[in-house]
Amino acid sequence: MPVISLKNVTHTYGEGTPLSVSAIENINLDIESGELVGIIGHTGSGKSTLIQHLNGLLKPTSGTVEVDGENIWADKKKIRSVRFKVGLCFQYPEYQLFEETVYKDIAFGPKNMGLNEKQIDESVRRAAKYVGLKPELLTKSPFDLSGGEKRRAAIAGVMAMNPKILILDEPTAGLDPKGRQEILNMIKSYKEQTGSTVLLVSHSMEDIAGIASKILVMNKSRVAMYDTVENVFSRASELEKMGLNVPQITRIFIGLKEKGINLDTDVYTVAEGGKRLLSLLKGGMA
């Protein structure tokens with residue numbers, strides 16, 4: 001049974017007015033437990049509206065959203081518990097830090113779940129470890145942290161609720177290459193350690209290619225593709241028509257192929273590209 005299932009989900013802003021617009025239309029989607037799904041699409045494609053339906057921040061105009069086989073809107077009184085099960089971390093989450101210490105900020109979610117002090121402490125320290133925050137930083141003001149540390153602390157606040165599903169909206173936005181890679185490694189490690197289902201929204205094809213098991217492509221308010229990384233990026237011409245690109249390393253290999261060099265183009269990371277080129281230079285099969 002899928003951990004997330006959307007059935008004919010449509011969301012219309014301003015319904016019944018002359019300014020009504022459907023941000024997502026007739027979405028049918030099943031996401032299996034334990035997947036790390038990259039979500040891509042140009043601005044206005046419906047990505048943000050889609051993910052806000054998964055934990056009940058938005059209610060479908062029509063259709064149903066199911067988590068663990070249950071319609072999350074079947075009982076409005078239970079929607080709060082859904083938000084603990086499906087953790088959503090918005091873009092630039094560090095702007096939402098507000099407590100006196102990092103510890104208190106990370107503890108905010110677990111405290112609202114009604115956990116006791118021991119459980120809260122365990123949750124905070126476990127989440128801090130997931131994101132690589134040193135114990136001594138927990139007593140500091142979040143505003144004394146570096147930009148990357150603030151981002152980690154904010155993400156830890158969502159992880160501390162131990163969600164079954166973690167959704168991250170552009171978690172590497174605004175970070176330098178080193179910071180981006182650290183956040184991506186952290187997400188990958190968290191998923192491997194917890195077995196949680198992770199959804200990652202990103203404009204970076206390289207980021208998605210490096211850690212995702214599947215890719216969801218949104219286009220014009222609908223699901224255009226949902227498949228493995230290899231199968232999605234193999235449809236480069238279709239992605240380009242949507243205003244999207246495959247990873248830069250993939251474009252390089254496609255260009256080399258077009259120039260008559262005998263190599264495959266199913267390369268999506270720089271590391272893999274380097275291996276293929278070294279093999280080619282050594283006279284092997286690339």
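No value in this document is a laboratory result; all are computed from the given coordinates. Bear in mind that the values here come from a model prediction, so they are computed numbers and not experimental data. Methodologically, a virtual Cβ is constructed for each residue, glycine included, from the backbone with ideal geometry; neighbour enumeration extends over all protein chains shown.
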Protection proxy ranking, peptides 213-222, 102-111, average beta carbon neighbours within 10 Å, highest first
102-111, 213-222
Given the DSSP H assignment, sum -39500 (n - 2.57) over each helix run of at least 4 residues in the chain and divide by its residue total; what's the result at 222 nm in deg cm²/dmol, nearest 500?
-11500 deg cm²/dmol
Could you tell me which of Ser48, Gln91, Ser81 has its Cα farthest along the dipole of segment 43-96 towards the positive end, charges placed at Cβ (Lys, Arg +1; Asp, Glu -1), taken about the Cα centre?
Ser81
Just how far, in whole angstrom, is segment 1-70 from segment 166-190 if you go by their alpha carbon centroids?
23 Å
In debye, nearest 20, what is the charge dipole magnitude of segment 119-264 about its Cα centre with +1 on Lys and Arg Cβ and -1 on Asp and Glu Cβ, if you could check?
120 debye
Taking the chain as the reference, fit the longest principal axis to its C-alpha atoms, fit the long axis of helix 270-281 to the helix C-alpha atoms, and give the angle between the two in degrees, 0 to 90, nearest 10.
20 degrees
Return the sequence-ordered ³J(HN,Hα) values of segment 218-230 in whole Hz as given by the Karplus equation 6.51 cos²θ - 1.76 cosθ + 1.60 applied to θ = phi - 60°, using x for Gly and Pro.
9, 8, 6, 6, 10, 7, 8, 8, 8, 7, 5, 4, 4
As I understand it, the dipole of segment 247-286 uses +1 on the Cβ of Lys and Arg and -1 on the Cβ of Asp and Glu, about the Cα centre. Which of Leu278, Thr265, Gln248 lies farthest toward its positive end?
Leu278
Take the alpha-carbon positions of segment 218-281, form their convex hull, and give its projected area averaged over all directions (one quarter of the hull surface) in nm².
4.6 nm²
Cβ neighbours within 10 Å, averaged per peptide: list 10-16, 196-202 in order, most packed at the top.
196-202, 10-16
To the nearest 10 degrees, how steep is helix 117-131 against the longest Cα principal axis of the chain, on a 0 to 90 scale?
20 degrees
Once every Cα of segment 247-286 carries one equal point scatterer and solvent is ignored, give the base-10 log of I(q)/I(0) from the Debye formula at q = 0.27, 0.34 Å⁻¹, two decimals.
-0.89, -1.23
Using per-residue counts of other Cβ atoms within 10 Å, averaged over each peptide, order 269-280, 225-236 from highest down.
225-236, 269-280
About its Cα centre, how strong a charge dipole does segment 4-238 have in debye, to the nearest 20, once Lys and Arg get +1 and Asp and Glu get -1 at the Cβ?
420 debye
I'd like the FRET efficiency for Tyr92 and Lys178, computed as 1/(1 + (r/R0)^6) with the beta carbon distance as r and R0 of 25 Å, rounded to 0.05.
0.85
Taking the simple approach of a point 7 Å from Cα along Cα-to-Cβ for both Lys282 and Ile254, what is their distance in nm?
2.9 nm
